[in-house]
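The values are calculated or read from the model by the stated rules, or taken from the named source; none is laboratory data. Bear in mind that the values here come from a model prediction, so they are computed numbers and not experimental data. Reconstructed Cβ throughout: ideal geometry from the backbone, glycine too, with neighbour counts over all protein chains shown. Quick note on the areas: whole protein, heavy atoms, side chains included, nothing else; ligands and nucleic acids left out. Shrake-Rupley method; radii C 1.70, N 1.55, O 1.52, S 1.80 Å.
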Amino acid sequence: MEKNEKETMEKHEETVTADHEPEINYRGWKAMPFIIGNETFEKLGAIGTLANLLIYLTTVFNLKSITAATMINVFNGTANFGTLVGAFLCDTYFGRYKTLGFATVASFVGLLAIQLTAAIPELHPHRCAAQGSGECKGPAGGQLAFLLTGLGLMIVGAGGIRPCNLAFGVDQFNPKTEAGKRGIDSFFNWYFFTFTFAQMISLTLIVYVQSNVSWAIGLGIPAILMLIACVVYFVGSKIYVKVKATGSPIASVAQVIVVAIEKRKLKPVEQPWLSLFKYIPPKSINSKLPYTDQFRFLDKAAIVTPQDQINPDGSPANPWRLCSMQQVEEVKCLFRVLPIWASQIFYGVTLVQLHTYAVFQAIQSDRRLGNSNFKIPAASYVVFMMLSLTFFIPVYDRVIVPFLRRIRGKEGGITILQRVGIGIFLSIITMLVSGMVEEHRRTTALTKPTLGVAPRKGAISSMSASLLIPQFTLGGLTEAVASIGLVEFYYKQFPENMKSIGGSLFYCGLAGSSYFSSLLILVVHRTTNGAATGNWLPEDLNKGRLDYFYYMIAGLGVLNLAYFLLCSRWYKYKGNSDTLDLELEVNGEKKLSDNPLV
């Protein structure tokens, strides 16, 4: 009888909700030509500039290698940290449609500004070649300010586009129907296909035009493509499903922290899974979380005191005085993820080097294609990372996972954190291989005939740049295993109303890697500048010891792997659905075995 009454009440609540909410007209694939087309043009535009921006800063703006690498790292770091701000503003105030529209326009204006620095002679310094063997004259204050303005606008654009684009596409499908669910799965596939396709085109065709034809034309192509992206996006505005901003979960997190601090003097309660205040809002989209015994100081936020008042519907009268156990557990989810996120920062330093100093390695290597005079642009070697990544993903999904599933009898073959740990190990191997290749390149340049001199660098080693392919290939495998694993980890381990923040956390990790890499370069440069071995990171790599720098990063990677393994053994997955958790009877009480390395 009670069960029938409960079902009747639930159906009544659903009917009332449906009567008050307007019916959403999901267009699904009809909206995809505009969204996927916009995505393709955005990636072609933004990535086409960034992939070669390092070389542009050193050859056109006459910046030193260490200055250019630092600027790129800071730029990438700020752009990735900006996603957290973009996600907050999107969820709290503007919604995805308005955020994406503003960000796309900002990206176009930023790309246009950068293109003008190449097209207008007054906006960049004179070329070094015209100054003979003398020291190159760097950019004037106004020239550098104009360039930084363009980069700043691109940061604004990235902060809005990266956390919202994928979610906006998913919004176009009805998640309550089978057709909608299939559409969402297909959209993910098409999204990443266009992303990879755009990267490959950018790192080959557009980079070649920029490096070998004209910087003005090469930088103009991304600006034009971004303009097309703006047009395509706004043309489809009438058929989009535009989800309104529902408020940020940051307030709930802040409430738990504030209340826990205010009630810090209270004694912990016995059997907190029974004694703590329980309340879940009727319209909450979050799944119910079980009690966990980590971060128990936060439990005090859900202890009911005589001063706390509760409304007739069961909600707290003052959420800044009393929080629910569900709120506390949601904050614990966030806190548990942070130590794992810290390990991402150190792991990402490897990927940063493949986009900076590995490009400098290619500049001072033999980049000729066969016996022809055609030279592969140095920045284009990064494409081997993407080829490796796109090749390995289907192999992992269709071959490795089924094999591991049969061997271990687990759905995913291995846990998410085990996958990330393997990726971190591969990042160490990547740096070791990079160091050995650089040692060979440098020795060849110093002991054998060279192939001329690279502008503002040094002698070009006769070592074929194809020997750099293994380190880029390993870098792609590292990303396919660790980076994708981290994205999945953040997505599954955050409460449903924190998915945007979870997505931003991955980009914030990339930002931390960029900033830490910049700090590392600065420290190494200043420390080794007067050392007996000489500066490890000079303009001319033949006079430095870049291989030592790579080996040092590999050593830091070993320490990071040990730290990650400790965090993984301590980590407790959210709930039971995404984990290998087993309920064990201990002294008559149910507890969770959450060891992700089991």
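Can you name every residue in the stretch 440-471 that is of a type outside the set (Val, Ile, Thr) and in contact with a Leu (Cβ under 9 Å, 6 or more places away or on another chain)?
Once the filter is applied, which keeps residues that are of a type outside the set (Val, Ile, Thr) and in contact with a Leu (Cβ under 9 Å, 6 or more places away or on another chain), the stretch 440-471 yields His440, Arg441, Arg442, Ala445, Lys457, Gly458, Ala459, Ser461, Ser462, Gln471.
Select from the stretch 257-300 the residues that are within 36 Å of the chain's Cα centre (by Cα) and polar (S, T, N, Q) and list them in ascending order.
Ser284, Asn286, Ser287, Thr292, Gln294
Given the conditions (1) closer than 16 Å to Lys30 by Cα; (2) at pLDDT 75 or above; (3) surrounded by fewer than 17 Cβ atoms within 10 Å (Cβ to Cβ), and given that Ile261 satisfies all but one, which numbered condition is not satisfied?
(1)
Anything in the stretch 156-165 that is among the hydrophobic types (A, V, I, L, M, F, W, C) and open to solvent by less than 40 Å² (accessible area, probe 1.4 Å)? List them, or say none.
Listed by number, the residues that qualify are Ala158, Ile161, Cys164.
Hey, Lys278 hits all of (1) touching a helix residue (DSSP H, G or I) at 6+ places or on another chain (Cβ under 6 Å); (2) open to solvent by less than 90 Å² (accessible area, probe 1.4 Å); (3) over 30 Å from Ser513 (Cα atoms) but one; which does it fall short on?
Unmet condition: (2).
Would you check if there is a residue in the stretch 342-351 being over 30 Å from Ala459 (Cβ atoms) and surrounded by fewer than 20 Cβ atoms within 10 Å (Cβ to Cβ)?
Within the stretch 342-351, one or more residues are over 30 Å from Ala459 (Cβ atoms) and surrounded by fewer than 20 Cβ atoms within 10 Å (Cβ to Cβ).
If I go through the stretch 398-455 residue by residue, how many of them are under 21 Å from the mean Cα position of the chain (by Cα) and either part of a helix (DSSP H, G or I) or under 30 Å from Phe549 (Cα atoms) (or both)?
15
Would you pick out the residues in the stretch 468-492 that are surrounded by 24 or more Cβ atoms within 10 Å (Cβ to Cβ), more than 15 Å from Gln344 (Cβ to Cβ) and of a type in the set (S, T, N, Q)?
Gln471
Determine whether the stretch 180-194 contains at least one residue that is within 21 Å of the chain's Cα centre (by Cα) and at pLDDT 75 or above.
Looking through the stretch 180-194, none of the residues is within 21 Å of the chain's Cα centre (by Cα) and at pLDDT 75 or above.
Residue by residue through the stretch 380-407, note down the ones that are within 25 Å of Ile340 (Cα to Cα) and exposed (fewer than 13 other Cβ atoms within 10 Å of the Cβ).
Asp397
Looking only at the stretch 422-441, decide whether some residue is among the basic types (Lys, Arg), closer than 30 Å to Lys543 by Cα and either exposed (fewer than 14 other Cβ atoms within 10 Å of the Cβ) or modelled with pLDDT under 90 (or both).
no
Name the single residue that is nearest to Cys567 (Cα to Cα) among those in the stretch 296-335 being among the small types (Gly, Ala, Ser) and open to solvent by 10 Å² or more (accessible area, probe 1.4 Å).
By that ranking, first place goes to Ser315.
Take the residues in the stretch 547-584 that are crowded, with 19+ Cβ neighbours inside 10 Å and basic (Lys, Arg), then tell me which one is modelled with the lowest pLDDT.
Lys574
Got a sec? Which of Val331, Val349, Val337, Val359 is under 30 Å from Ile310 (Cα atoms), within 23 Å of the chain's Cα centre (by Cα) and either assigned to a helix (DSSP H, G or I) or at pLDDT 85 or above (or both)?
Val331
Hey, among the residues in the stretch 362-397 that are under 27 Å from the mean Cα position of the chain (by Cα) and not hydrophobic (A, V, I, L, M, F, W, C), which one's nearest to Val213 (Cα to Cα)?
Pro377
Can you confirm whether Gln271 is farther than 28 Å from Tyr573 by Cα, open to solvent by 50 Å² or more (accessible area, probe 1.4 Å) and not assigned by the TED database to the domain that holds Pro495?
The answer is no for Gln271.
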